[in-house]
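Right, one structure below, let's go through it.
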Amino acid sequence: MLNSPADEIKSKLDIAEIIGGYIKLRKAGANYKAVCPFHSEKTPSLFVSPSRQIWHCFGCGAGHSIFDFVMKVEGVEFGDALRMLAQKAGVDLKPIRPELKTERRRLYEVCELATKFFEKQLQNSSKGKKAKSYLLERGIGEESIKKWRLGWAPDTWQGLSDFLNQKGYKKEEIEKVGLSIKNDQGGHYDRFRGRVMFPVFDFNSQVVGFGGRSLKKDKEIAKYINIPNTLLYDKSRILYGLDKSKIEIRKKDLCILVEGYADVIMAHQSEMGNVVATSGTALTPYQLSILKRYSDNLFLAFDMDIAGDAATKRGIDLAQSKGFNIKIVSLPEDKDPADVIHQKPEQFGKMVEESISILDFYFQNAFSQFDEETAEGKKEISKILLPVIHRIPNRIEQSSWVQQLARKLNVREKVVEEELRKIKPEKSFDEGVSVLTPQSPPILKKTRKDLLEERLITLVLKAPQHLGVFNKETISLFSSRTQEVLNDFDKRENLSQELVDFISYLSLKADVEEIEEEEILPEIESCLKEVQSLEIKSKLDIISLDIKRAEEEKDLEKIKELTQKFNSLTKKVITS
């Protein structure tokens with residue numbers, strides 16, 4: 001019988017499938033392994049056990065249930081993780097009283113209601129219908145309008161705010177999600193007025209933000225505006241369309257990155273479902289960490305001067321340093337992907353096929369600016385290209401581009417290599433950055449005895465036939481938790497949840513442990529000896545303090561008795 005909604009959710013969901021939606025999992029026997037997203041590492045140390053429904057990273061110590069993973073990777077509270085997973089599992093959660101809802105939950109509700117308000121305005125109001133005509137003219141079809149939940153913000157100061165107030169939401173809450181702005185007099189007015197609205201979705205297709213496009217031709221009015229960062233929305237972490245693209249990106253092992261909302265919508269409409277957009281920002285470490293879960297191949301289709309835009313170039317440099325295979329999709333001048341797809345859908349597909357590597361792009365750009373026949377030209381070209389080549393993490397690939405640069409400049413390869421060595425290492429772009437947010441609590445340090453006890457249980461779980469090595473005397477040396485596990489090893493009845501979790505964690509450790517069977521017993525015996533030695537040393541420390549106290553009191557009999565005990569225990573340490 002399931003005791004709670006959490007138990008029911010866990011019983012209906014496959015932990016490997018859920019975690020596999022966030023990071024790349026590789027089969028490892030009965031389990032799966034992956035590179036942990038919660039700390040910086042290159043080799044897999046995170047393991048997922050479908051049979052036990054747990055995960056654990058043996059690098060940073062993070063782990064436990066499916067809820068813990070979602071809380072960490074999404075940066076949400078337990079209640080939000082519960083709701084997200086309940087939706088996936090098809091479990092109905094009992095409604096809670098409004099006063100008990102979390103702040104985040106209420107803000108999600110504000111965003112959802114605002115989206116419905118904008119959708120209705122697009123369909124029913126006279127100006128909304130004109131905005132819809134504009135979308136249809138741009139090639140965005142009825143089905144796409146519904147799929148992406150496009151809407152219209154009426155050109156009134158408080159149309160949305162009044163609607164949300166009537167639904168029981170405070171002005172401060174509307175301001176907190178970025179939909180209203182506080183004026184100098186303390187009042188509020190709607191941020192979006194007279195604009196086509198594009199809801200922005202998080203990984204789980206919940207609305208967390210908005211972008212609005214003006215249809216006015218007034219140059220003083222910004223064409224696009226977005227909400228500022230809020231409790232739900234952070235533009236450095238959001239990739240527009242990823243919730244609908246993630247499966248296709250993984251399937252094709254390719255992500256096409258564009259700039260605008262319409263670019264993504266039009267691409268999906270033309271059955272290119274592996275396209276996402278940045279949300280008004282250059283590529284960030286967080287966005288790249290997310291994309292890395294799905295593919296190492298990144299094609300950029302930006303309608304801008306990539307080499308000339310400093311922020312964009314920094315993002316590309318970052319992607320290059322993280323090992324992405326980057327290609328550039330060359331677009332016609334003054335055209336964005338949405339324009340190209342609207343006019344000739346097949347043409348954009350051909351452009352993607354003909355895309356060139358980022359290094360080829362930089363080479364073409366550098367050699368088009370300077371004359372490689374002159375000394376000055378060679379110097380300027382090398383100033384552009386050497387830092388780019390230096391950033392390539394793979395040494396074989398790097399060497400190949402060094403050869404190509406030497407050949408094109410008509411200089412010796414050794415000279416290029418010497419100049420390359422002069423390039424100073426760049427400070428890591430994403431130093432200290434992980435997908436995890438907020439910061440994990442520090443992992444408590446374990447004592448040597450704790451580690452030895454965990455090791456012993458792990459070895460016995462791997463080879464239960466060696467349980468007989470332990471007797472009452474040796475078991476008495478361990479902590480109460482370890483004693484309980486060893487004394488009730490076969491039955492494991494009436495154990496606390498904490499102890500059940502502890503055994504599950506060590507069972508997973510035993511599963512992934514690579515050790516020869518004949519090595520297990522000698523290691524158990526070695527660990528036991530060390531535990532015994534630690535216990536004796538602990539007793540020696542206590543006796544030393546007692547001797548010191550007896551000396552202060554000039555108790556000669558006590559000193560003699562304690563000294564004999566000390567010497568006797570010391571012999572045990574020496575012989576053990």
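The values are calculated or read from the model by the stated rules, or taken from the named source; none is laboratory data. On a predicted model such as this, the values are computed, not experimentally measured, just so you know. Note that each Cβ is placed from the backbone with ideal geometry, even for glycine, and that neighbours are counted across all protein chains shown.
Listed by first and then second residue, the pairs linking a residue in the range 301-326 that is farther than 18 Å from Ala366 by Cβ to a residue that is at pLDDT below 80 and of a type in the set (Phe, Trp, Tyr), with Cβ atoms under 8 Å apart and 6 or more places separating them unless they lie on different chains, are Leu318/Phe429; Ser321/Phe429.
Among the residues of this structure, Ser538 counts as one that is among the polar types (S, T, N, Q), assigned to a helix (DSSP H, G or I) and farther than 20 Å from Gln465 by Cβ. Candidates in the range 160-205 are the residues that are under 14 Å from Leu231 (Cα atoms) and surrounded by fewer than 19 Cβ atoms within 10 Å (Cβ to Cβ); of these, the one that is farthest from the chain's Cα centre (by Cα) is Glu172. If you go through the range 245-294 and keep only what is of a type in the set (D, E, K, R) and either crowded, with 22+ Cβ neighbours inside 10 Å or within 20 Å of Lys223 (Cα to Cα) (or both), you end up with Lys246, Glu259, Asp263. Is it true that some residue in the range 87-110 is of a type in the set (Ser, Thr, Tyr) and modelled with pLDDT of 85 or more? Yes, the range 87-110 contains at least one residue that is of a type in the set (Ser, Thr, Tyr) and modelled with pLDDT of 85 or more. Leu545 meets the conditions (1) in a helix (DSSP H, G or I); (2) surrounded by 15 or more Cβ atoms within 10 Å (Cβ to Cβ) in every case but one. The failed one is (2).
Against the conditions (1) free of Cβ contacts under 8 Å to residues at least 60 places away in the same chain; (2) within 22 Å of Val70 (Cβ to Cβ); (3) in contact with a strand residue (DSSP E or B) (Cβ under 7 Å, 6 or more places away or on another chain), Tyr189 satisfies every one except (2). For the residues Thr474, Thr374, Thr458, the requirement of being of a type in the set (S, T, N, Q), in the same structural domain as Pro522 (by TED's automatic domain parsing) and at pLDDT 85 or above singles out Thr458. Select from the range 131-159 the residues that are at pLDDT 95 or above, over 28 Å from Glu175 (Cβ atoms) and among the basic types (Lys, Arg) and write down the one among them that is surrounded by the fewest Cβ atoms within 10 Å (Cβ to Cβ). Looking at residues that are at pLDDT 95 or above, over 28 Å from Glu175 (Cβ atoms) and among the basic types (Lys, Arg), I get Lys146. Scanning the range 477-496 for residues that are among the aliphatic types (A, V, I, L, M) and at pLDDT 80 or above gives Leu477, Val485, Leu486.
The set of residues in the range 70-85 being buried (at least 22 other Cβ atoms within 10 Å of the Cβ), among the small types (Gly, Ala, Ser) and in contact (Cβ under 8 Å) with a residue 40 or more places away in the chain is empty. The residue that is farthest from the chain's Cα centre (by Cα), counting only those in the range 445-474 that are farther than 21 Å from Ile515 by Cα and outside any helix (DSSP H, G or I), is Asn471.
Any residue at all in the range 164-172 that's farther than 23 Å from Gln87 by Cβ, in contact with a strand residue (DSSP E or B) (Cβ under 6 Å, 6 or more places away or on another chain) and either among the β-branched types (Val, Ile, Thr) or touching a residue at least 12 places away in the same chain (Cβ under 8 Å) (or both)? Yes, the range 164-172 contains at least one residue that is farther than 23 Å from Gln87 by Cβ, in contact with a strand residue (DSSP E or B) (Cβ under 6 Å, 6 or more places away or on another chain) and either among the β-branched types (Val, Ile, Thr) or touching a residue at least 12 places away in the same chain (Cβ under 8 Å) (or both). Among the residues of the range 384-416, just one is charged (D, E, K, R), surrounded by 15 or more Cβ atoms within 10 Å (Cβ to Cβ) and farther than 21 Å from Asn325 by Cβ, namely Lys408.
Would you be able to say whether some residue in the range 214-227 is part of a loop (DSSP other than H, G, I, E, B) and touching a helix residue (DSSP H, G or I) at 6+ places or on another chain (Cβ under 7 Å)? Within the range 214-227, one or more residues are part of a loop (DSSP other than H, G, I, E, B) and touching a helix residue (DSSP H, G or I) at 6+ places or on another chain (Cβ under 7 Å). Any residue at all in the range 497-504 that is at pLDDT 85 or above and either surrounded by 12 or more Cβ atoms within 10 Å (Cβ to Cβ) or within 39 Å of the chain's Cα centre (by Cα) (or both)? For the range 497-504, residues at pLDDT 85 or above and either surrounded by 12 or more Cβ atoms within 10 Å (Cβ to Cβ) or within 39 Å of the chain's Cα centre (by Cα) (or both): absent.
Condition check ((1) of a type outside the set (Gly, Ala, Ser); (2) at pLDDT 90 or above) across all residues:
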site	(1), (2)
Ser4	no, no
Asn31	yes, yes
Phe38	yes, no
Arg52	yes, no
His56	yes, yes
Cys60	yes, no
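For the residues Ala319, Ala277, Ala311, the requirement of being among the aliphatic types (A, V, I, L, M), in the same structural domain as Met266 (by TED's automatic domain parsing) and touching a Leu at 6+ places or on another chain (Cβ under 6 Å) singles out Ala319.
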